[in-house]
Amino acid sequence: MPMPLLARALAILAVVVAHQTFWPVYGGAAAMMVLLGMSVAQDRARFLAEGDAAGFLAPLGRVLVPYGLVLAGYALVWQQVPWASVALIGNFAVTVPETHLMLPYLYWFVEAYVQICLLLVLLFRPAPMRRWLSGSPFGTGLALLAAGALLRVTLPELWPLPAGRRPAPRAPPPRSRRRRRPRRRTVPPWCRPGPGPAPAPAR
């Protein structure tokens with residue numbers, strides 16, 4: 001089995017285990033992002049260099065068709081269209097899945113994948129950017145990596161997404177201390193005072 005295919009299978013397995021169990025398995029989504037970048041660099045970079053947007057975006061159909069079927073299933077069950085997921089912006093936390101206006105958080109990777117592809121098409125649409133990519137693919141990759149790391153550090157501070165963050169669970173209120181009633185002390189039968197002397201008969 002080729003190494004990228006094995007790494008992809010392990011990354012998907014890590015994501016499934018992290019979502020379906022309580023095991024501390026992390027890094028699956030990050031690994032899938034790295035594999036996405038490798039796939040673009042190896043198989044689709046020439047479309048960007050040639051300005052062929054249709055050729056670069058063609059593989060999206062293999063992802064969006066099953067995604068559309070999932071969307072249709074949720075819309076049928078919920079009796080409403082999850083418009084945020086239809087517009088592929090649910091990962092921007094414009095709403096929450098509890099409103100049935102977006103799919104559950106499990107499908108955020110599809111939205112991010114499409115957004116990254118569209119962003120790359122727009123980024124390399126100008127001719128100077130395409131020439132730069134053709135002349136220095138490795139330098140272009142390093143520059144994109146640096147830009148992505150910078151956005152990862154600064155963007156959450158400049159544009160927080162409060163709708164997508166679940167509030168921290170509140171601590172339970174302190175238990176009120178009830179005053180205990182004093183227990184009645186029971187006296188053993190042998191310690192109880194006996195009956196007094198019988199009264200004298202009346203004359």
*Compute the accessible area per residue over region 40-135, keeping the other protein chains in place, probe 1.4 Å, unit Å².*
57 Å²
*What residues from region 112-138 fall in the zone where the backbone N is under 17 Å from a label point 7 Å along the Cα-to-C-beta line of LEU64?*
112-123
*Leaving ligands, DNA and RNA out of it, report the carbon-plus-sulfur percent of the accessible area of region 1-103 at a 1.4 Å probe.*
72 percent
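The values are calculated or read from the model by the stated rules, or taken from the named source; none is laboratory data. Keep in mind that this is a model prediction, so the values were computed, not measured. Reconstructed Cβ throughout: ideal geometry from the backbone, glycine too, with neighbour counts over all protein chains shown. Side chains included, ligands, DNA and RNA excluded: accessible areas come from the protein's heavy atoms. Shrake-Rupley method; radii C 1.70, N 1.55, O 1.52, S 1.80 Å.
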